[in-house]
Amino acid sequence: MKSIDDINFKGKKAIVRVDFNVPLNKDFEVTDRSRIEGAKPTIYKILEDGGSAILMSHLGRPKGFDDTFSLNHIVSTVSEVIGVRVKFVNNCIGEEVREAAKNLQDGELLLLENLRFHPEEKAGDEDFAKQLADLADVYVNDAFGTAHRAHASTTIAAKFAKEKAMGYLLKKEIDSLDKVLNSTDKPVTAIIGGAKVSSKITVIENVLDRIDHLIIGGGMAFTFIKAQGGQIGDSLVEEDKQDVALQILAAAKAKNVEVHLPVDSKVTQKFENDAETKFSPIHEIEDGWMGLDAGPKSQQIFADVINQSKIILWNGPLGVFEMSNFAEGTIAAGNAIADATANGAFSLVGGGDSVAAVKQYGFQDKVSYVSTGGGAMLEMLEGKTLPGVAALD
Ligand code: AMP
């Protein structure tokens with residue numbers, strides 16, 4: 001699969017699917033520029049080679065043309081971040097767009113209007129996709145966060161491109177996951193937490209062949225504990241997933257994967273930050289009490305495993321981290337991963353809430369890579385091929 005490193009963009013126009021789905025405040029100012037910053041390396045490469053770039057993205061969930069969701073609001077921020085004055089055209093297809101693209105000179109940047117103003121975008125319409133691809137010589141996809149959707153701009157346009165390649169952001173995501181799942185370095189540890197077993201079954205099944213240690217934490221651990229005959233009080237449980245939990249444990253054993261479940265929990269009677277708490281052995285939680293965080297013994301066990309790991313994958317928090325009194329287990333894991341990373345391990349945090357936890361507690365610069373695409377990363381962890389990636393092949 002080609003990356004943009006394999007292309008010299010001199011004199012070429014590239015149409016780049018970026019993820020500029022950024023948050024705006026009520027004055028339509030961009031409140032978090034990280035997604036724009038993320039696209040910078042790819043844009044620079046194209047411009048520095050001597051080419052020009054046409055940027056396309058969606059913003060929010062508009063139903064037809066709607067100024068609230070216009071990418072016009074972000075033009076000045078993109079210009080500021082990239083350091084080049086960005087041209088804007090208030091549609092993404094049609095005569096005016098073709099004209100603007102045609103007149104684009106080497107070194108220039110053009111931003112198209114919100115792709116989702118047209119229902120054809122999400123429908124993956126071929127004619128719409130072709131019109132996008134035809135604007136340029138090269139199609140580049142750098143929007144990992146939408147690569148699991150077979151939309152016109154993320155997937156179908158590649159089919160009509162004369163030349164196609166993945167951008168640096170997309171490549172970094174794929175390379176990071178490859179490093180975790182296909183590494184020869186050992187031991188490899190996956191930390192899987194979060195609320196529900198049901199949403200992580202496929203992830204666990206897919207990673208079992210590639211890991212040495214599996215840490216199971218968060219709310220989903222209780223389904224395993226109950227399935228083993230433990231008393232979990234009023235903790236979160238998926239009654240109908242107990243069989244699956246036992247099957248996962250059996251499969252792990254058969255594959256020589258060491259499973260580490262919590263041994264204690266911080267329990268409370270109310271789902272509130274200031275509620276009274278105590279620690280309880282995980283198999284003996286009293287009725288009326290629920291476990292909302294990993295206890296100190298579990299934290300230590302998890303940290304010991306993490307510290308001796310060379311490759312670490314983290315998906316899902318180990319407690320209700322949104323409440324500070326139940327964030328210790330998640331923070332302890334974050335600290336252990338940060339230490340292991342400082343000692344040379346490779347760590348990837350990805351898929352949903354663990355990314356939020358990592359950002360909330362300031363670990364993002366202490367791990368090797370934080371994935372930018374929740375749903376897309378989860379699908380890759382499940383072993384699925386993302387349509388946006390497959391389309392570049
Ligand atoms: P997920 O989206 O499946 O990764 O789940 C993330 C959510 O799981 C977060 O909102 C956490 O608050 C929640 N969570 C983690 N541990 C527990 C727990 N012990 N009980 C209830 N919810 C939990």
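The values are calculated or read from the model by the stated rules, or taken from the named source; none is laboratory data. As the structure is a prediction and not an experimental result, all values here were calculated from the model. Reconstructed Cβ throughout: ideal geometry from the backbone, glycine too, with neighbour counts over all protein chains shown. Note: accessible area is taken over every heavy atom of the protein model, side chains too, but ligands, DNA and RNA are not part of it. Shrake-Rupley method; radii C 1.70, N 1.55, O 1.52, S 1.80 Å.
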**Prompt:** Roughly speaking, what is the stretch gain from residue 96 to residue 271, that is 0.36 nm per residue apart minus the C-alpha to C-alpha distance, in nm to one decimal?
**Reply:** 57.5 nm
**Prompt:** On full extension of the chain, what length is gained from residue 134 through residue 26, given 0.36 nm per residue of separation minus the C-alpha to C-alpha distance?
**Reply:** 35.3 nm
**Asked** What full-extension length gain, to one decimal in nm, is calculated for residue 127 and residue 308 as 0.36 nm per residue of separation minus the Cα-Cα distance?
**Response** 59.9 nm
**Message:** Eigenvalues of the Cα gyration tensor times 5, then square-rooted: what semi-axes does that give for the stretch 129-208, in whole angstrom, largest first?
**Reply:** 33, 16, 9
**Fill in**
Checked the chain against the a/c 1.5 cut and the a/b vs b/c comparison, axes a ≥ b ≥ c from its Cα gyration tensor; verdict prolate
**Asked** What does the convex hull of the alpha-carbon atoms of the stretch 4-169 project to on average, in nm²?
**Response** 8.3 nm²
**Request:** Express the relative contact order of the stretch 1-115 as a whole percentage, based on alpha carbon pairs under 8 Å and six or more residues apart in sequence.
**Result:** 30 percent
**Asked** Rounded to the nearest 5, what % of the DSSP beta bridges within the stretch 183-381 are antiparallel ones?
**Response** 30 percent
**Asked** Zone of residue 163 (label point 7 Å along Cα→Cβ, backbone N under 12 Å): which residues in the stretch 24-67?
**Response** 46, 49-52
**Request:** Kindly work out what percent of the DSSP beta bridges joining two residues of the stretch 4-169 are antiparallel, to the nearest 5.
**Result:** 5 percent
**Prompt:** Loop-only check: which trypsin sites (Lys or Arg not before Pro) in the stretch 183-273 are DSSP coil with at most 16 other Cβ within 10 angstrom?
**Reply:** 196, 255, 270
**Request:** Could you tell me how many degrees, from 0 to 90 and to the nearest 10, lie between the Cα long axis of helix 168-181 and the main elongation axis, the longest principal axis, of the Cα atoms of the chain?
**Result:** 30 degrees
**Fill in**
Relative to the compact-globule estimate 2.2 N^0.38 Å (N residues), the Cα gyration radius of the stretch 1-66 stands at a ratio of 1.33
**Fill in**
Hull volume per residue for the stretch 183-381, using the convex hull of the C-alpha atoms, in Å³ is 100 Å³
**Prompt:** Carbon-plus-sulfur fraction of the accessible area of the stretch 95-240, 1.4 Å probe, in percent?
**Reply:** 45 percent
**Request:** For residue 278, go through the lysines and keep the ones whose alpha-carbon is under 17 Å away, minus same-chain ones fewer than eight residues off.
**Result:** 266, 270, 297
**Asked** How large is Rg over Rh for the stretch 303-370, taking Rg from the Cα atoms and Rh as the Kirkwood inverse mean of 1/r across Cα pairs?
**Response** 0.93
**Asked** How many Å² of accessible area per residue for the stretch 4-169, probe 1.4 Å?
**Response** 42 Å²
**Request:** Straight distance only, please: which lysines reach the Cα of residue 63 with their own Cα at less than 23 Å, same-chain residues fewer than 8 apart left out?
**Result:** 26, 122, 130
**Request:** For the stretch 282-363, report the accessible area per residue in Å² (1.4 Å probe, heavy atoms, rounded to an integer).
**Result:** 36 Å²
**Message:** For residue 13, give me every one of the aspartates and glutamates with a C-alpha distance below 14 angstrom, ignoring sequence neighbours fewer than eight places off in its own chain.
**Reply:** 48, 49, 99, 106, 108, 134, 137, 163
**Asked** Got the relative contact order for the chain handy, in percent, Cα pairs under 8 Å and 6 or more residues apart?
**Response** 15 percent
